[in-house]
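What follows is a single structure, written as structure tokens, with notes after it.
The values are calculated or read from the model by the stated rules, or taken from the named source; none is laboratory data. What you see is a predicted model; the values in this text were computed from it and never measured. Positions of Cβ are generated from backbone atoms using ideal geometry, with glycine treated the same way; all protein chains shown enter the neighbour counts.
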Amino acid sequence: MPGISLIARQEIAMAGISPEEPSTIIQFTHTSNSQMYSILRRTAAKCSHISHVYSIGRSTEGRDLLVIEFTNNPGQHELLEPEIKLVGNMHGNEVLGRQLLIYLAQYLCSEYILGNHRIQSIINTTRIHILASMNPDGYEVAASEGHLLNGWTNGRTNAQNIDLNRNFPDLTTIYYRNRRSRHYRIDHIPIPDSYWSEKVAPETYAVMKWTRSLPFVQSASLHGGELVVTYPFDFSRHPLEERMFSPTPDERIFKQLARTYADAHATMSNNDTERCGAGFYRTRGILNGAQWYSFAGGMPDFNYLHTNCLEITVELGCDKFPSEVELYPEWKRNKEALLSFLESVHRGLKGKVTDPDGNGIKGATISVKGMRKDITTGEHILPCLFIVPCHAAVSWCISGISQTSGSVSPPQWTIKIPSSHRRGRLVMDGLTSNPTDALRGVSVAGAITLKSAVPK
């Protein structure tokens, strides 16, 4: 449509989407790396009371891996405040996620200032970390070709020709090897020494350090090429099976997270067989990763097996490098999904492990009967334990919710205190739930049975 302005073309493209007058003004264009850095820094300066930027490292070619953070006390972890991260542009030619996260940063800042109660609530109760581009070098290659000429793979890898989503330690194989052992736990599986003998990209190393340095509870990695949300495991439990359902012990929780994003997206979960991602309409836009296709060394599997963090992969659409006219419509399709995902980090119980004097204990592990994955405390924090609603016919499940009686059954907790502490206790300090949940108004501390165990 030559001669028509970008704004006019965006308005034409938006004709089929329900109108909403945005109070935040964002320029929906592609941004170069230098423009991205400038926008993020200006946004943090504009909202310095709730935001700041920091670098987690540099790419192969020396570009900053710049993160923008939003919270009511930027730069500080606060007790019982969950930490969540969003990562875009892991594959340099998958550009839409990068742009959406740049827009999200501007939106959060502006709407907070404008008094949007929902945004203020999210930021005041959550610590949000946004890495808009994990692969700025790959983006340079893709952007030099532009959306019309960029192929399916040009710019996908980093400057060392490494696919970053195949470059993380393969802990899933270690898990499969040991999963039948009765006492084998799947939390915080160590990185094998052999991993370091391979080529580890600086971008991968930076994200690994970042993931280990903060008590992230939840994460989403934004990709492109399909329209679906996938979740671990991404590596098949049978090495010769390319498409095999390979669930984690937290299958129900991961499905709930994936469903949160897909259902809030404008089209991802609908049953239109003509849409992008039509192959996933039977599962309403979500799928176990290995059931789609299997690969080792992925970032979500690493997050799950090495830390407390649960990460999903969001495939945003068939066009990896959409034209500028599509950027505003894509923002409208994904905005509610992004916000809903941020809010979902509060679903569950949260608490702390303390010594008799009330001081937090770092490195304590909390086990729940019926779950094989422990939670390990960081500096003064126990990350959120998700509550998965039971089916109506089940009296109680690992979350301790009884849907039949409307009461709370006591799950069995075990605390293993590091040998440097002789005693400890679990304090449940908060509960967030849907108003219709049976847990509404229940004293959580009174519903928990504790067992302490000190390693000999």
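Please find, within the stretch 261-289, the residue that is surrounded by the fewest Cβ atoms within 10 Å (Cβ to Cβ) out of those that are farther than 10 Å from residue 229 by Cα and within 18 Å of the chain's Cα centre (by Cα). Per the stated criteria, the residue is 263. Checked across the stretch 202-219, the condition of being of a type in the set (D, E, K, R) and buried (at least 19 other Cβ atoms within 10 Å of the Cβ) holds for at least one residue.
One residue stands out in the stretch 175-189 among those that are of a type outside the set (Phe, Trp, Tyr) and in contact (Cβ under 8 Å) with a residue 40 or more places away in the chain: the one that is surrounded by the fewest Cβ atoms within 10 Å (Cβ to Cβ), namely 185.
In this structure, does residue 118 turn out to be of a type in the set (Lys, Arg), in contact (Cβ under 8 Å) with a residue 60 or more places away in the chain and under 30 Å from residue 238 (Cβ atoms)? The answer is no for residue 118. Of the strands (runs of 3 or more DSSP E) lying entirely inside the stretch 183-290, those containing at least 1 residues that are aromatic (Phe, Trp, Tyr) are 216-223, 226-231. Being in the same structural domain as residue 142 (by TED's automatic domain parsing), touching a Phe, Trp or Tyr at 6+ places or on another chain (Cβ under 9 Å) and among the charged types (D, E, K, R) is a property that residue 242 has. The condition (being more than 20 Å from residue 55 (Cβ to Cβ) and touching a strand residue (DSSP E or B) at 6+ places or on another chain (Cβ under 8 Å)) is satisfied by just one residue among 96, 131, 104, 148: 96.
Here is the figure for the stretch 190-226: residues that are over 23 Å from residue 258 (Cα atoms) and of a type in the set (S, T, N, Q) total 4. Each residue in the stretch 90-144 was checked for being among the acidic types (Asp, Glu), surrounded by fewer than 24 Cβ atoms within 10 Å (Cβ to Cβ) and within 21 Å of residue 329 (Cβ to Cβ), and 1 pass.
Here the stretch 117-154 is the region considered, the condition is being modelled with pLDDT of 95 or more and in a loop (DSSP other than H, G, I, E, B), and the residue that is farthest from residue 299 (Cα to Cα) is 126. Residue count for the stretch 291-314 under the criterion of being assigned to a helix (DSSP H, G or I) and over 22 Å from residue 191 (Cα atoms): the result is 2. Residues in the stretch 236-246 include at least one that is of a type in the set (Phe, Trp, Tyr) and surrounded by fewer than 18 Cβ atoms within 10 Å (Cβ to Cβ). The residues of the stretch 202-241 that are among the aromatic types (Phe, Trp, Tyr), at pLDDT 95 or above and under 14 Å from the mean Cα position of the chain (by Cα), listed by number, are 210, 231.
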